[in-house]
Amino acid sequence: MKRLLALAGLVALSACSGPGGTGAPAGGVKFDTSLPMSEFMAHVVDPAAQVFWRGAGVELTEGGEKDLSPVDEAGWEALVTAASTVAEAGNALQLQGRALAPEAEWNRFAQEMTARALDARKAADSRDKQAVFDTGGRLYETCVACHAKYVIGPPATAKPLPDFPADVPAPK
């Protein structure tokens with residue numbers, strides 16, 4: 001949890017850009033965007049998204065349904081932090097030197113990821129189980145759509161996105 005909070009802070013700081021979102025920082029600030037995209041995804045976006053997704057819905061077990069929603073304040077705060085990290089990662093994805101071509105479409109996906117993650121954060125902050133599930137699904141749709149367009153090679157240790165739930169229609 002502490003690592004995720006620290007990571008959220010670092011991502012938030014790295015996402016600060018100059019006026020108009022040009023990526024041109026004010027005051028001589030320089031961003032280092034040399035971290036390979038696969039590493040950025042594996043160490044920033046994926047862990048935060050997975051924390052959020054694991055805190056929503058139900059798991060079917062031999063003993064019946066198991067509610068995956070948080071059971072205490074710490075659990076809910078973990079979801080708020082995870083969604084916040086994903087939102088700020090969407091901003092960081094648009095930094096000059098990080099966006100992939102075609103940049104306009106890349107930035108559209110990144111902006112959509114941020115918007116959906118902020119919706120997810122609001123749902124978690126409201127402690128609304130159904131809204132957490134629904135917004136997590138919309139965030140997942142954005143991730144799948146972006147990955148369909150931008151094949152980002154994962155490092156050998158990366159876990160792929162989970163399969164789309166069988167009871168939810170896949171995005172078109």
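The values are calculated or read from the model by the stated rules, or taken from the named source; none is laboratory data. It should be emphasised that the depicted structure is a prediction, and the values quoted were computed from it without experimental measurement. Cβ atoms come from the backbone with ideal geometry, glycine included; neighbour counts cover every protein chain shown. Ligands, DNA and RNA are stripped out before the accessible areas are found, and what is left, the full protein with its side chains, is counted by its heavy atoms. Shrake-Rupley method; radii C 1.70, N 1.55, O 1.52, S 1.80 Å.
For every residue, the table says whether it meets (1) open to solvent by less than 50 Å² (accessible area, probe 1.4 Å); (2) more than 21 Å from ALA148 (Cβ to Cβ); (3) in contact (Cβ under 8 Å) with a residue 60 or more places away in the chain.
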| position | (1), (2), (3) |
| --- | --- |
| GLU65 | no, yes, no |
| ASP72 | no, yes, no |
| TRP76 | yes, yes, no |
| LEU79 | yes, yes, no |
| GLY90 | yes, no, no |
| GLY97 | no, yes, yes |
| PRO102 | no, no, no |
| GLU112 | no, no, no |
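Restricting the range 11-29 to residues that are open to solvent by 30 Å² or more (accessible area, probe 1.4 Å) and on the phi > 0 side of the Ramachandran plot leaves a set whose member that is modelled with the lowest pLDDT is GLY20.
Matching residues to (1) buried (at least 19 other Cβ atoms within 10 Å of the Cβ); (2) in a helix (DSSP H, G or I):
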{"residue": "PHE31", "(1), (2)": "no, no"}
{"residue": "LEU35", "(1), (2)": "no, no"}
{"residue": "MET41", "(1), (2)": "yes, yes"}
{"residue": "GLY55", "(1), (2)": "yes, no"}
{"residue": "SER84", "(1), (2)": "yes, yes"}
{"residue": "GLU105", "(1), (2)": "no, yes"}
{"residue": "LEU118", "(1), (2)": "no, yes"}
{"residue": "ALA123", "(1), (2)": "yes, yes"}
{"residue": "THR135", "(1), (2)": "yes, yes"}
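Of all residues in the range 160-168, none are open to solvent by less than 60 Å² (accessible area, probe 1.4 Å), modelled with pLDDT of 90 or more, of a type in the set (A, V, I, L, M, F, W, C) and out of contact with any Ser or Thr (no Cβ under 8 Å at 6 or more places or on another chain).
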